Amino acid sequence: MYGLYLHIPFCQKICYYCDFFVDKNLDLVQAYVNALCKEIEREMLGYNSKPKLSTIYIGGGTPSLLSPNQMEQIVNALVNNFDLSELEEFSMESNPGSVSLDTLKEYKSFGIDRLSIGVQSFVKRELGFLKRNHSPKKAIKAIEDAHKAGFNNINLDLIFAVPGQTNESWQYSLQTAFNLGTTHLSTYSLIYEEGTPLYKAWKNGKVAKTSDDDDADIYELTINEASNFGFKQYEVSNFAKYELYCKHNLGSWQGSEYFAFGASAHGHLDNKRFWRVKNLSEFISFNNKNKTTIIGEEIISLKGRIEESIFLALRSTGIDILKLNTKFNLDLAKVFEKEIEYYIKNDCVILENNLIKLTSKGYAICDSITLSFVSKIENYLEKNLKSLNLHNIN
Ligand code: SF4
């Protein structure tokens, strides 16, 4: 079973901090959708039978800028080329400024069952700073409409450490999100990516970054508040209620392979990572000429796969010792003996049912813990890779 990612690189307005591959030229949307469907059809010709999908994730950009007809066109291309009989999750990202009850109902009728809404904040001043194209009122309406349209699995994205944000205003955003019946929260500290207007403003002294200490306090507040509302943290930035974890992300963190279509999309198939052209007009013209849009790929070495498995597992659901031992012919309890002992003593890690898992305290210093585990496995593999019996691993 595979995952599948589709990228829709359009937004009505580019946010202050945005570093994603997006374009405001909405005149190209239909040409892009046609090219995307062509890409799917062409690449799937090489398969004798339809690959079975367990998850689909339509991300962006703003996928909810697509009309229901355009979304249906894409879903039809997927239905024609993949086996969706055991699909477990079909997610789509959206923005409060570009959804209505009617369009949400139509998306739902195509089988989309998980809606992710880019709210970022429920505080008008913070939304203004981030240059989002919606108000708190619109965000609340979008969530209410999502419920009315029948979505029971709703993620909200929220950003913390926004300049001017206080603990109280952040708590207000969190509580508003939880009280509106959301089932999943993805929350990130504001990142100052080079090349963004936000980065420039910061470099020119026009914006002051939140200090690391305040950032850590806000993160801790988030963990506590989420737990008060019955949300379980299952990754550094992700919390879910009723165990409605994002299956698509869990799959990629656990090393599952996934198809990827669309400009700039990155995929993982046959132990290879690949990526597609990051240019809209090239993406459209390549597909119209039946030319591949894959512009790069790399084979993931065995060492790379082991290290990545450790890194991703520790940041999310935990290192499953038995599973990874069997998969990679290792003895991880022994390799990580000192780290496990040290971090358990410091209340940052628990070892339960052969799972090395971060505690709330551990999530707060996740980067340094992952670094010590990854450095340890790196050193161990350097010394032992040749002597390990790894030839049967696929
Ligand atoms: S909505 Fe998201 S993808 Fe679009 S400009 Fe804003 S941050 Fe970027």
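Values in this text are rule-based calculations from the coordinates and carry no lab data. Remember, it's a predicted structure, so these values are computed and weren't measured experimentally. All Cβ positions, glycine included, derive from the backbone under ideal geometry; neighbour counts span all protein chains shown.
Details
- Taking amide H as placed 1.01 Å from N in the peptide plane, the amide H of K278 sits under 5 Å from that of S264, each at least 5 places away or on another chain.
- Karplus-derived 3J(HN,Hα) values for the stretch 3-12, using 6.51 cos²θ - 1.76 cosθ + 1.60 with θ = phi - 60°, are x, 9, 10, 10, 9, 10, x, 10, 9, 5 Hz; glycine and proline are entered as x.
- Normalising by residue count, the stretch 302-384 has a Cα convex hull of 80 Å³ per residue.
- Overall form of the chain per C-alpha gyration tensor (a/c, 1.5; a/b vs b/c): oblate
- Length gained when the stretch K361-E72 is fully extended (0.36 nm per residue, less Cα-Cα span): 99.6 nm
- Of the GluC sites (Glu not before Pro) in the stretch 63-118, those whose Cβ has at most 10 other Cβ within 10 Å and which sit in DSSP loop: E86
- Centroid-to-centroid, using Cα positions, the stretch 329-343 and the stretch 143-175 are 38 Å apart.
- Cα gyration tensor shape of the stretch 1-115, rounded if a/c is under 1.5, else prolate or oblate by comparing a/b with b/c: prolate
- Length-normalised contact order for the stretch 2-251 - Cα pairs under 8 Å, 6+ apart - percent: 18
- Of K105/K137; K24/K241; K203/K357, pairs whose Cα-Cα distance is over 31 Å: K24/K241; K203/K357
- Nitroxide proxy distance, nm - points 7 Å out along Cα→Cβ at I295 and D347: 5.0
- Flagged links, alpha-carbon separation over 21 Å, of K247/K323; K247/K303; K124/K209; K52/K289: K247/K303; K52/K289
- Residue order, fewest to most beta carbons within 10 Å, for T182, T166, T103, T62: T166, T103, T62, T182
- In order along the stretch 84-89, phi translates into HN-Hα couplings of 9, 5, 10, 4, 9, 7 Hz, rounded to whole numbers, per the Karplus curve 6.51 cos²θ - 1.76 cosθ + 1.60 with θ = phi - 60° and x for Gly and Pro.
- Gain on full extension, evaluated as 0.36 nm per residue between R125 and A333 minus their Cα-Cα distance, stands at 70.0 nm.
- Cβ crowding within 10 Å ranks F283, F20 as F20, F283, fewest other Cβ atoms first.
- Segment K278-F20, length gained on full extension (0.36 nm per residue, minus Cα span): 91.8 nm
- Here the 3J(HN,Hα) profile of the stretch 174-185, calculated from phi with Karplus coefficients 6.51, -1.76 and 1.60 at θ = phi - 60°, is 4, 5, 4, 4, 5, 6, 8, x, 6, 10, 8, 10 Hz, Gly and Pro shown as x.
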